[in-house]
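These notes concern the structure reproduced below.
We did not get these values from a lab; they are worked out from the coordinates using the rules stated. Note that this is a predicted model, so its numbers are computed, not measured. Every residue, glycine as well, gets a Cβ built from its backbone with ideal geometry; the counts of neighbours run over all protein chains shown.
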């Protein structure tokens, strides 16, 4: 039996909070989505987590689909692992940000809102903040050029 467990077919790595795993949707219900992540039990994305993603993405979740999931809480003897699709998607956006930073490529975004400290610019599912001290302003009395 020990030899069987040592074979490469048994390569399960225990779930740890903060991990990102690929999983396969096994059930889509009104209050949760069950995902096979290779554990003893299926993990679940609860309704509270589903409400954090767009209705368009929720509508496209189907049985058999592979998705990335963030481990919110690992499974216990009594409870399945709690998963988050929204946090996994945010992690994907962080990877894109890091790649842009490493390449030196410039990102052009649209300001979604502002506060007294600066501007908020969305990047995928992330919110970027530009401090007011980094924003240039035009001198008083100078109008913007007319478009046309």
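Some points to look at:
- Of the residues 103, 112, 86, the one with the fewest other Cβ atoms within 10 Å heads the list, and the complete ranking is 103, 112, 86.
- Take the Cβ atoms of residue 79 and residue 57, set R0 to 30 Å, and the FRET efficiency comes out at 0.75.
- Among 24, 16, sorting on how many other beta-carbon atoms sit within 10 Å of each Cβ, with the fewest leading, yields 16, 24.
- Cβ-based exposure ranking for 72, 82, 63, in which fewest neighbours within 10 Å come first: 63, 72, 82
- Simple spin-label estimate for residue 36 and residue 92 in nanometres, 7 Å along Cα-Cβ: 2.1 nm
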